[in-house]
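Bear in mind these aren't lab numbers, they're just calculated from the coordinates by the rules spelled out. Just so you know, these numbers come straight off a predicted model, no measurement behind them. Please note: Cβ atoms are built from the backbone with ideal geometry, for glycine as well, and neighbour counts cover all protein chains shown.
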Amino acid sequence: MRVANLNGRLVVTAPAGAIDIHTASAGRFGPDPQGVYDVWPDFVEWARTGLAGHQPVPYDAAQLGAPVPRPRQVFGIGLNYREHADESRMDVPAEPTVFTKFPTSVTGPTAVVDLPASTVDWEAELVVVMGAVAHHVQATDAWSHVAGVTVGQDLSERTRQLLPPVPQFSLGKSFPGFAPLGPEVVTIDELPNPDDLEVGCSLNGEILQQGRTKDMIFDVPALIERLSAIVALQPGDIIFTGTPSGVGHARDPRRYLSPGDTLTTWVEGVGQLSNGFVQSPVT
C-alpha cells in the first residue's frame, strides 16, 4: 500500500490514481495525512477490504505534499555508511550518531527550497515512518512497529552545521524545506527486500550518490532498537537513516547547491523526489 498527501488530504495511490480515505471510509478515518499514523493498525486492517470497490481518481503528482507533514520527532543518523564516514575523514561509529531535524523543516516531494547560504549540501536517504509506539523494542521485532518507508533529502547547510567550537548539526539541517519527503509512504510488504534498496540522487541529471541500504553500518532494525532504548518513538515519527558517499562537502573541490538546480532523489521501489532551489534576496 502507498499512502500519500494529496492537496492536504489522506489518500492511497495506485497506478490509475488516488482514493480519498475520508470519503472511502465514510468518515471512519479523517482527511489529515498525519492523523492516520496514530491509528495505523486499525487503518491497515480496514484497508484490506475497505478499499475494494473504490475507483482511483487521476491526480496531478505536483499536488502531492509531504506524506508525513507534521511528525512529532525527526531523527537523523550520521555516518551510517562506511564510505561516507571515510570521505568525511571520520571514524566508523561504534554507536549510531544521532541528531534531530526540527519538524518545521519538512516539505513535499516537489517543493522549491530557498537556499539560506552558499554551502547547502545534499544527502539522499531512506526514511522510516513509525506506525506504533516503540520503547525498548528489540531489533527482531522492529519492523512490526514501522508504518512504511519513504524517500528523503537531509539537506545540510555545512557552515552552520560545522560551526566551531561546537557544531550545530540540528540547526544546520533544519532550515525551512530542508527535509523533503515523499512522494508516498510505502508499506514494507510492497518491497521484495526492505533491507537492501538502492538509494541515490542526481543534480541536474548528473548522478552524485548511489548506494545500497544493505551497506548501512546500523540497519533499520538496529536503529529502532538503539533509539527506542532511550526515546519513546511515537506513531508518525520519522528516522532519516543516513546517506551513502558522494556528498558535496567531501568533494575536491567542494560542491554545493545553487539557485536553479534540480535535485532528484530516489529509493528503489519507493519513489523519487524532484526539488528545485532558489535564493531569496536579503531584505
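Of the residues V74, V36, V57, only one is touching a helix residue (DSSP H, G or I) at 6+ places or on another chain (Cβ under 9 Å) and touching a residue at least 40 places away in the same chain (Cβ under 8 Å); which? Lay out the reasoning, then the answer.
Details: V36 fails: touching a residue at least 40 places away in the same chain (Cβ under 8 Å); V57 fails: touching a helix residue (DSSP H, G or I) at 6+ places or on another chain (Cβ under 9 Å).
Exactly one of V74, V36, V57 is touching a helix residue (DSSP H, G or I) at 6+ places or on another chain (Cβ under 9 Å) and touching a residue at least 40 places away in the same chain (Cβ under 8 Å), namely V74.
For region 5-50, a tally of residues being closer than 18 Å to A132 by Cα, aliphatic (A, V, I, L, M) and either touching a Ser or Thr at 6+ places or on another chain (Cβ under 6 Å) or not in a helix (DSSP H, G or I) (or both) returns 0. Filtering region 114-128 down to residues that are part of a strand (DSSP E or B) and in contact with a helix residue (DSSP H, G or I) (Cβ under 7 Å, 6 or more places away or on another chain), which residue is nearest to R254 (Cα to Cα)? Across region 114-128, the extreme among qualifying residues is D121. Restricted to region 220-262, and to residues there that are within 15 Å of the chain's Cα centre (by Cα) and assigned to a strand (DSSP E or B), the residue that is nearest to M130 (Cα to Cα) is I238.
Any residue at all in region 266-275 that's over 21 Å from V113 (Cβ atoms) and not in a loop (DSSP other than H, G, I, E, B)?
Residues of region 266-275 over 21 Å from V113 (Cβ atoms): 268-269.
Within this subset, residues satisfying the condition of being not in a loop (DSSP other than H, G, I, E, B) are none.
Taking every residue of region 266-275 in turn, none turns out to be over 21 Å from V113 (Cβ atoms) and not in a loop (DSSP other than H, G, I, E, B).
No other residue among I19, I77 is farther than 28 Å from T241 by Cβ and buried (at least 20 other Cβ atoms within 10 Å of the Cβ) apart from I19. Among the candidates D86, D121, D60, D114, the residue that is crowded, with 17+ Cβ neighbours inside 10 Å, of a type in the set (D, E) and under 26 Å from W266 (Cα atoms) is uniquely D121.
Yes/no matrix, rows are residues, columns are (1) surrounded by fewer than 16 Cβ atoms within 10 Å (Cβ to Cβ); (2) aliphatic (A, V, I, L, M):
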{"site": "D215", "(1), (2)": "no, no"}
{"site": "G236", "(1), (2)": "no, no"}
{"site": "L257", "(1), (2)": "no, yes"}
{"site": "T262", "(1), (2)": "yes, no"}
